[in-house]
Amino acid sequence: MPSTPRNRTVSRLQPFASTIFAEMTALATLHDAVNLGQGFPDTDGPAAMLEVARRAIAEGVNQYPPGPGMPVLRQAIAEDRRIRYGLDSDPDSEVLVTVGATEAISAAILGLVEPGEEVVLIEPYYDSYAASVALAGAVRRTVPLVASGDGFAVDLDALRSAITAKTKMLIVNSPHNPTGTVFTDQELRAIAELACERDLIVLSDEVYEHLVFDGLTHTPMASLPGMRERTVTVSSAAKTFNVTGWKTGWAIGPRELIDGVRAAKQFMSFVAGAPFQPAVAYALTNEQPWVVELRQSLQGKRDVLGKALTEAGFTVHSGGGTYFLLADIRPLGETDAGEFCRALPERIGVAAVPVDVFADNRDDWKHLVRFAFCKQDHILSEAARRLHLPQGAAHP
């Protein structure tokens, strides 16, 4: 008699076997819903950048590039950081090209944190952080953001209390996914002081660094006093140039930290996609006006979605950056965002994701839903129309 199938996945990864994005996308497809759950744009990036990639393929740039990344891209990354932030990095030893920001995050944790050491996350957090900590055999500790006006703020006292003698790394994400919060200079400086005081490595996820609205500015963690030597900064081309499928990211930091990231990365993917690297280098050097237009466009899209959600009865939290807005479902008489999101595609034909899946302290976040606004105008308009349908009405 055949044995009963059993789960062979190692226990530390079993909680991450599936994602909310796959579940919500499947429901959106089943019910022909407008999918505002997953954060990817539905338009292409700069035409000239795309042409550079096409030309690279045609000219034979299709084999393994150098392990750290093509020199042309590493130099462009370093020069972009110097021009925008005044931060100097050696492109040969302090810049590493990765398969997207997600690989850079995983490689940084795997290469710099020993099993049993602690990593502190600010929740709600991007879901790969927790999975990467588990992969490393490290211990995850979390500190929640707290409500502040119509947005969120870092609870600095709780953050200080969460750090123990075993804490090795603190992960900071600003602009923040999923809340859209842009941490203030005061918050970032306080985090920097704490990192220096407790001798922590900081992994700074800055993939939304260009997508900051309302006249706010992005402050890199590495630019703050005492932080250059202890910060690994992660970013990518995905959100900046609308090429999430290219999976071209990077990690920047002092050599002694980047050496650890590289040690892990080279046995994960070995190298990143060759023909995309000269194209991203071109974009970083030549397409900043396009990025400014993208930022302005996204701010307008955020406002359209925010107005639609407010008129539909949600309480909407301010979003200073990223692709996302959070909406409170309690004014609608709802209390469980998971149940609400699983029913929404069938009820009105719109898909979103519950925020509590990005947190350990799930009860603190179960009333909030994340909507993505990085979609074409007619898609957002249709979503807005459907959000105004009476609850329970069938959508077309």
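Only Cα pairs under 8 Å and 6+ residues apart enter the sum, and on that basis the relative contact order of region 215-280 stands at 26 percent. Over the chain, DSSP H runs of length four or greater, each weighted -39,500 (n - 2.57), average out per residue to a 222 nm ellipticity of -12000 deg cm²/dmol.
Roughly what percent of Cα-Cα pairs across the chain reach past 37 Å? Working shown, then result.
On the way: 16495 of 78210 pairs.
Of all Cα-Cα pairs in the chain, 21 percent lie more than 37 Å apart.
On the chain, 51 percent of the accessible area sits on carbon and sulfur atoms, based on a 1.4 Å probe. Taken one residue at a time, the phi angles of region 70-75 give Karplus couplings (6.51, -1.76, 1.60, θ = phi - 60°) of 4, x, 4, 6, 4, 5 Hz. Gly and Pro are set to x.
When the pairs K301/K366; K168/K301; K168/K265; K247/K307; K239/K366; K168/K375 are compared against a 30 Å limit on Cα-Cα distance, K168/K301; K247/K307; K168/K375 fall above it. So how strong a dipole does the chain carry about its Cα centre when Lys and Arg Cβ are +1 and Asp and Glu Cβ are -1, to the nearest 20 debye? Charge dipole of the chain: 700 debye, to the nearest 20.
Roughly speaking, what is the stretch gain from D336 to R385, that is 0.36 nm per residue apart minus the C-alpha to C-alpha distance, in nm to one decimal?
15.3 nm
Amide H contacts for V139 (H built 1.01 Å from N in the peptide plane; partners 5 or more residues away or on another chain; cut-off under 5 Å): G116, E117, E118, V119.
Place a +1 charge on the Cβ of each Lys and Arg in region 296-379 and a -1 charge on the Cβ of each Asp and Glu, then give the dipole magnitude about the Cα centre in debye, rounded to the nearest 20.
Computed about the Cα centre, the dipole is about 300 debye.
Ellipsoid fit via the Cα gyration tensor, region 1-145: semi-axes of 33, 25, 19 Å, each the root of five times an eigenvalue, largest first. Put a dot 7 Å past the Cα of Q266, heading toward its Cβ, do the same for V10, and the two dots end up 2.2 nm apart.
Counting every pair of alpha carbons in region 269-396, the share spaced more than 19 Å apart comes to 56 percent.
What number, in percent, do you get for the relative contact order of the chain if the mean sequence gap of Cα pairs under 8 Å and at least 6 apart is divided by its residue count? Write down the numbers at each step before the final one.
Numbers: 801 pairs, mean separation 95.0, N = 396.
Averaging sequence separation for qualifying contacts and normalising by length gives 24 percent for the chain.
The residue list V212, N242, M227 was ranked by how far each Cα lies along the charge dipole of region 165-274 toward its positive end, using unit charges on Cβ atoms, and N242 comes out on top.
Between the C-alpha center of region 59-75 and that of region 334-374 there is a gap of 41 Å.
Report the local net charge at P331: Lys and Arg +1, Asp and Glu -1, summed over other residues whose C-beta lies under 14 Å from its C-beta. Write out the running numbers ahead of the final one.
Details: positive: R330; negative: D150, E311, D328, E334.
Cβ neighbours under 14 Å give a net charge of -3.
Measuring between their Cα centroids, region 105-166 and region 188-228 lie 15 Å from each other.
The values are calculated or read from the model by the stated rules, or taken from the named source; none is laboratory data. Worth saying up front: this structure is predicted, and the values here are computed from it rather than measured. Quick reminder, even Gly has a Cβ in these numbers, built from the backbone with ideal geometry, and neighbours come from all protein chains shown. For accessibility, only protein heavy atoms count, side chains too; no ligands or nucleic acids. Shrake-Rupley method; radii C 1.70, N 1.55, O 1.52, S 1.80 Å.
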